[in-house]
Structure formats: structure tokens, C-alpha cells
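Written below as C-alpha cells is the structure these notes are about.
The values are calculated or read from the model by the stated rules, or taken from the named source; none is laboratory data. Owing to the predicted nature of the structure, the values given are computational and were not obtained by experimental measurement. Cβ: placed from backbone, ideal geometry, glycine included. Neighbour counts: every protein chain shown. Each accessible area value is taken on the protein alone, full model and side chains, heavy atoms only, with ligands, DNA and RNA left out. Shrake-Rupley method; radii C 1.70, N 1.55, O 1.52, S 1.80 Å.
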Amino acid sequence: MRATRTYIERHGKPVALYSDKHSAFRNNTASANGDGMTHLGRALHALNIEIICANSPQAKGRVERANGTLQDRLVKAMRLEGISSIEEANAFLPAYMARHNRRFARAPFDPRDLHRPLAPHEDIEAEMVWREERTVTASLTLHYNKAMFILEPNRVSSALARKRVQVCEFPDGRIEIRHEGNALPYRVFDKMRQVNQAAIVDNKHLDAALAMARLIQEATPHHRKRNNNEPARTSQRAGLFAEATSAPGPKVDRRTLCTPKLKRGPRLSNEELVARGIAEYAG
């Protein structure tokens, strides 16, 4: 969505997008929820842009040939420049694209520009979002991705009990709750606990349990596992559901965190076993 929005703001709306059958463009599952339209497809439909899926890579020959060229030349050009981060690559890309187009670009058969400007009523920022519907409870709350959103009581939200609202998640991590085009104020209660609750332990095992909890927290801080059917947030730096940017710590061997195992004592002789009355258990 971020890339599509940048393209539209720079060039205008295309008549159609000619893509492959990636799940971002086409719902490939047999049991589709609702109308079966993807989130990107819904946004493009609102902007009056069609999606055409190619049946084979050869149908998109011009794009595939460009991809093959870039996959070979772009990586080597960045390596020669000593680029090793995404920020450096983004700064290097405009000059490389201009140089690449001067060498490989070919004039189109029809030079007319068929891109269209955005209509006055089209809000590209409001449409390019991950949008899902939720039902507001009688206490003016709703649940999304294991978090509870509490609507602030006002004239609009008080009338939304048992009604459907839209949860809109922007690419930068912002979240809006909308109803009929109006953004509703809310508070968030995150139901994902930051610290796992320890099991009930005896007093003599408390020190070992606390030591284990402390080491686990240091190794994997703020570990979360939310829903699987959610947008990719690998580039988000802020927001409620942004991925942790800290590097993972060393793997903790939980077997070494508890009390040490009892050492096996010396093997008893048969005479000692008979003296203790447990000779029948000796094989």
C-alpha cells in the first residue's frame, strides 16, 4: 500500500494494475471471508483502479525482464558502493534509476500518458489502510488483534452499541476507528501480557523460579504473538503493534536455570543392599 500510494501521488492513477497472482492482489483461498476482496484490492476499487492478474510470468515479459536485470546489476552496484543498510540503499537508488533508464529505457509505442489525477472526493490516505470490521459491545468496547479498544463516551459513540465499526490500521502504525467516515476517540488496553505468569511453586523453589523468569525476560523482552491474519509490519517504527527493533538476545537453556540435579552416589554392594532391605529391587 505504501508503494502504490507513492506511485499514484507521483504519476497519477493508472487505468489498471497488471500483476501476478500474489495474495496481495488476489484472494487465492477457497474459503474467502466477505466478498473475497483483498485489502489492496478494496483500496484500489475505491480509487477506481482495476487489477488484472496474469496467468503466467511470460505474460508480464517487460516487467520480468526488468526484474532480471535489476536483480543482477543493482546488487552488484550497491556492493561496489559499499552499501550495507536500507537507508544507504534508498539514498543511492534515485541516481542509479536515472543512470539505468538512460541506458536501458525504450520509448513506448503509444507516448500518451493515460494516468488520471485523483478526483476531489478521493482520499488516498484514508483508503490505503488495512481495514477490518468489528462489533461494538454494550460497554462501548471492541477487540482487534488481541487488544481492547475503549471508545470515549460522546454523542456519536454512545449510539454505536451493537453496531459495526471499521478499524483502520495505517502503514505507519496509526490506528483509527471509523463509523460513517467519522474518526472516533478511544483508549487502548493491551491484553498481551509483557511477563508470563509463573506457575505456583513451593517456597524452597522460589529463588530458582525468579531466576528463570528474570533470565527469560532479559533474553526475550516484550515477546508477543498476535493474530496470523494481520498486515506485515516489518517497516513500522511506531504504533501499538510495531515489531520490536532490538536484536534478539542469546538463547536461554532453561535446563540450566533450575536447581542442579542430584548426583548419583556410589553403587552399593549386595551386602549393603541386603542390610538396607532393598535387595529385591536390585537387578
Let's test the formula: R0 of 41 Å, r as the Cβ-Cβ distance of MET78 and ARG116. What FRET efficiency results, to the nearest 0.05? 0.75
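Residue separation times 0.36 nm, minus the C-alpha to C-alpha distance between ASN182 and HIS39: what's the value?
Numbers: separation 143, 0.36 × 143 = 51.48 nm, distance 2.00 nm.
Full extension from ASN182 to HIS39 adds 49.5 nm.
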Between the residues ASN101, ALA159, PRO120, the Cα farthest towards the positive end of the dipole of the range 1-159, that dipole coming from +1 and -1 charges on the beta-carbon of Lys, Arg, Asp and Glu, is from ASN101
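Efficiency by 1/(1 + (r/R0)^6): what FRET value for GLU87 and VAL63, r their Cβ-Cβ distance, R0 = 30 Å, to the nearest 0.05? Intermediate results must be reported in sequence, preceding the final value.
Values: r = 27 Å, r/R0 = 0.89.
Computed FRET efficiency for GLU87 and VAL63 comes out at 0.65.
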Full extension between ALA161 and GLU230 adds, at 0.36 nm per residue less the Cα distance, a length in nm of 22.3 nm
Please list, ordered by chain and number, the residues whose modelled amide H lies under 5 Å from the amide H of ARG116; skip anything fewer than 5 residues away on the same chain. LYS13
Accessible area (Å², per residue) of the range 1-138, counting only protein heavy atoms and a probe of 1.4 Å: 73 Å²
What residues have an amide H closer than 5 Å to that of SER19, excluding those fewer than 5 places away on the same chain, when H is modeled at 1.01 Å from N in the peptide plane? ILE52, CYS53, ALA54
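Could you please state how large a percent of the accessible area of the range 119-169 is carbon and sulfur, counting protein chains only and using a 1.4 Å probe?
Whole-percent figure for carbon plus sulfur exposure: 53.
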Evaluate the charge dipole of the range 123-185 about its Cα centre and quote only its size in Debye, nearest 20, assuming +1 on the Cβ of each Lys and Arg and -1 on the Cβ of each Asp and Glu. 440 debye
Rounded to the nearest 0.05, FRET efficiency between HIS22 and MET148 (Cβ-Cβ, R0 30 Å) equals 0.35
